[in-house]
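A.B. asks: Starting off with a structure, shown below.
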């Protein structure tokens, strides 16, 4: 079976751009204020020594600000969304939350790393020990920071930039412009079993609280059953059904024991986006166009069984870019070009003008993000524009062959 490969190379500049240390603030909570302070300082030191992070001590300022806003409770419990919002105010990219508990006579530390831009938990790590002296504090703090540092090193380029290598294989035997066209790909699919306004019962409300709390704590396995009940019976109850559902399904995909199980969860993940559009597509902050972009990114990442990925995702990516303009995620914009470039390679006459038009649009939108300091993607847009230029260079090379 003949395959056409498009190889996309990242230069030294691109690698360097994505390897800059990420600013992280440390927030420690637990019943013993003394241990919290000591462990917090050691965790800051551990992050400061890592390659991927630049630690910023913010515990005192965080607590002060939280107290002013009356969202910091005596128990030390603070919602991740509040930490995310304050993290933005303090100019950090991540907040590391370390919760210290007493378990069977030992200290148990549950740490999670929160992306302040999305308020999503991007990494978690648990560690336990006696914590009887400073050396134990240092050891446990180092273990947490080392785990986060290693995970970040593995994902720093793939998370910050598009993943063209996973999408640049086009199989001639599987793609036919006459049998599989863009027009055959809907923006989203509606299941006719979905009710317009399902009844929101007390059981639904309780289950929402149960799965949302479990997701906040990274307990995706425990969250699945109450989440599925709400997802099936009252999906209109809360947007968290869909935002948390994505996290739960990604976990289930990673934990799948065989290909059939993995495929089943992938299909469920894509369905989540369609169902979210049905119930919350008119949301002013995260409208249908935003949801389609997220759907495309997850489809590209997980649906490796689809040999027509470009045809499937291209309409979603294009709709997201055209509707959101400079509010569109940079990786959605560059994924649009990657898909278009593959389509052009297969059918130059059909997709040449589209690629040129899309490149002009993407370049304009990324430039607007670069020039607007208030744009949420301002700090990364330059790297994505550089990548868009690389794609255009590849297009010119193909065009001149």
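A.B. asks: Hey, residue 307 hits all of (1) touching a strand residue (DSSP E or B) at 6+ places or on another chain (Cβ under 9 Å); (2) in contact (Cβ under 8 Å) with a residue 12 or more places away in the chain; (3) assigned to a helix (DSSP H, G or I) but one; which does it fall short on?
C.D. replies: (3)
A.B. asks: If we scan the range 333-348, do we find a residue that is surrounded by fewer than 18 Cβ atoms within 10 Å (Cβ to Cβ), part of a helix (DSSP H, G or I) and either within 28 Å of the chain's Cα centre (by Cα) or free of Cβ contacts under 8 Å to residues at least 24 places away in the same chain (or both)?
C.D. replies: no
A.B. asks: Just for strands (runs of 3 or more DSSP E) wholly inside the range 76-132: which have at least 2 residues that are under 16 Å from residue 23 (Cβ atoms), touching a helix residue (DSSP H, G or I) at 6+ places or on another chain (Cβ under 9 Å) and modelled with pLDDT of 80 or more?
C.D. replies: Because the criterion is at least 2 residues that are under 16 Å from residue 23 (Cβ atoms), touching a helix residue (DSSP H, G or I) at 6+ places or on another chain (Cβ under 9 Å) and modelled with pLDDT of 80 or more, the strands (runs of 3 or more DSSP E) in the range 76-132 that meet it are 94-103, 106-115.
A.B. asks: Go through (1) assigned to a loop (DSSP other than H, G, I, E, B); (2) surrounded by fewer than 19 Cβ atoms within 10 Å (Cβ to Cβ) and name the single condition residue 235 misses.
C.D. replies: Tallying (1) assigned to a loop (DSSP other than H, G, I, E, B); (2) surrounded by fewer than 19 Cβ atoms within 10 Å (Cβ to Cβ), residue 235 fails exactly one: (2).
A.B. asks: Could you grab me the full set of residues in the range 275-290 that are without any contact (Cβ under 8 Å) to a residue 40 or more places away in the chain and assigned to a helix (DSSP H, G or I)?
C.D. replies: 276, 289, 290
A.B. asks: Any idea how many residues of the range 98-135 are surrounded by fewer than 17 Cβ atoms within 10 Å (Cβ to Cβ), farther than 30 Å from residue 240 by Cα and touching a residue at least 24 places away in the same chain (Cβ under 8 Å)?
C.D. replies: Number satisfying all stated conditions: 6.
A.B. asks: For the range 1-58, enumerate the residues that are at pLDDT below 50, under 30 Å from residue 137 (Cα atoms) and not in a loop (DSSP other than H, G, I, E, B).
C.D. replies: Of everything in the range 1-58, nothing turns out to be at pLDDT below 50, under 30 Å from residue 137 (Cα atoms) and not in a loop (DSSP other than H, G, I, E, B).
A.B. asks: Now, a different point. Residues being touching a strand residue (DSSP E or B) at 6+ places or on another chain (Cβ under 8 Å) and within 15 Å of residue 99 (Cα to Cα): count how many of those fall in the range 23-50.
C.D. replies: So the count comes out to 15.
A.B. asks: Inspect the range 138-160 for any residue being within 22 Å of residue 296 (Cα to Cα), at pLDDT below 80, surrounded by 14 or more Cβ atoms within 10 Å (Cβ to Cβ) and touching a helix residue (DSSP H, G or I) at 6+ places or on another chain (Cβ under 6 Å) and give the result as yes or no.
C.D. replies: Checking the range 138-160: not a single residue is within 22 Å of residue 296 (Cα to Cα), at pLDDT below 80, surrounded by 14 or more Cβ atoms within 10 Å (Cβ to Cβ) and touching a helix residue (DSSP H, G or I) at 6+ places or on another chain (Cβ under 6 Å).
A.B. asks: May I pose another question? Would you say residue 377 is farther than 30 Å from residue 268 by Cα and touching a helix residue (DSSP H, G or I) at 6+ places or on another chain (Cβ under 9 Å)? Write out each step before concluding.
C.D. replies: Numbers: farther than 30 Å from residue 268 by Cα: no; touching a helix residue (DSSP H, G or I) at 6+ places or on another chain (Cβ under 9 Å): yes.
In short, no.
The values are calculated or read from the model by the stated rules, or taken from the named source; none is laboratory data. Predicted model only: the values in this text are computed from it and were never measured. For neighbour counting, all protein chains shown are included, and Cβ atoms are generated from backbone atoms with ideal geometry for every residue, glycine included.
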